[in-house]
1. What list of ³J(HN,Hα) couplings, whole Hz, do you get for segment 67-79 from phi and the Karplus terms 6.51, -1.76, 1.60, once you set θ to phi - 60° and write x for glycine and proline?
2. Which value, in debye to the nearest 20, describes the size of the charge dipole of the chain about its Cα centre when Lys and Arg Cβ atoms bear +1, Asp and Glu Cβ atoms bear -1, and nothing else is charged?
3. How many lysine pairs are close in segment 1-102, with Cα atoms under 27 Å apart and the two 8 or more places apart or on different chains?
4. Would you mind checking which residues have amide H under 5 Å from residue 67's amide H? H placed 1.01 Å from N; only 5 or more apart, or other chain.
5. Taking θ as phi - 60°, what are the ³J(HN,Hα) couplings along segment 28-38 by the Karplus curve (6.51, -1.76, 1.60), each to the nearest whole Hz, with x for Gly and Pro?
6. Place a point 7 Å from the Cα of residue 61 along the Cα-to-Cβ direction; which residues of segment 89-104 have their backbone N under 20 Å from it?
7. How much of the DSSP bridge set in the chain is antiparallel, in percent, rounded to the nearest 5?
8. Suppose all protein chains stay in the model; what accessible area per residue would a 1.4 Å probe give for the chain, in Å²?
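The values are calculated or read from the model by the stated rules, or taken from the named source; none is laboratory data. None of these values were measured; they are calculated from a predicted model. Note: ideal-geometry Cβ built from the backbone for every residue, glycine included; neighbour counts use all protein chains shown. These area figures cover heavy atoms from the full protein model, side chains too; ligands, DNA and RNA do not enter into them. Shrake-Rupley method; radii C 1.70, N 1.55, O 1.52, S 1.80 Å.
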Amino acid sequence: QVQLVESGGGLVQAGGSLRLSCAASGRSFNKYTMGWFRQPPGKEREFVAAVNWSGSTDYADSVKGRFTISRDNFKKTVYLQMNSLKPEDTAVYYCAQDAGTWRGPESAEYAYWGQGTQVTVSS
């Protein structure tokens, strides 16, 4: 059974940085695209970033140049480095894993989700 556990959320001032982590367990990690999503208060969940098995990445336009996704296959962990944070980045951030293997970051169909971690950016 796949389990994804996020950590690293918190309260930060605008312009600050946070690094989120997501530890995976339950099946081999390196074959699958990993993604980060977020759900702002009162809004629907939205895509943030993804990284596939080869290290190729995809980002939402709203975070390009500010956020960086990376993965450590040995540790079975995916990271989201968030810099130059804005109040509009406030959301619950979720980690997700693709249902299929060896796909591009834009082609993932996410079947497994973590419980989420709160990120709050104050102005």
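1. These are the phi-based 3J(HN,Hα) values: 10, 9, 9, 8, 9, 10, 5, 5, 8, 6, 9, 10, 10 Hz.
2. Working: 13 positive and 11 negative charges, 65 e Å.
Dipole magnitude for the chain comes out near 320 debye.
3. Details: 31/64; 31/75; 31/76; 43/64; 43/86; 64/75; 64/76; 64/86.
Pairs that pass both the separation and distance tests number 8.
4. For residue 67, whose amide H was placed from the backbone, the distant partners under 5 Å are 83.
5. Per residue, the Karplus-derived 3J(HN,Hα) values read 4, 9, 5, 7, 10, 5, 10, x, 10, 10, 8 Hz.
6. 89-90
7. Values: 37 of 41 bridges.
Roughly 90 percent of the beta bridges in the chain run antiparallel, per DSSP.
8. On the way: 6100 Å² over 123 residues.
Solvent-accessible surface per residue comes out at 50 Å².
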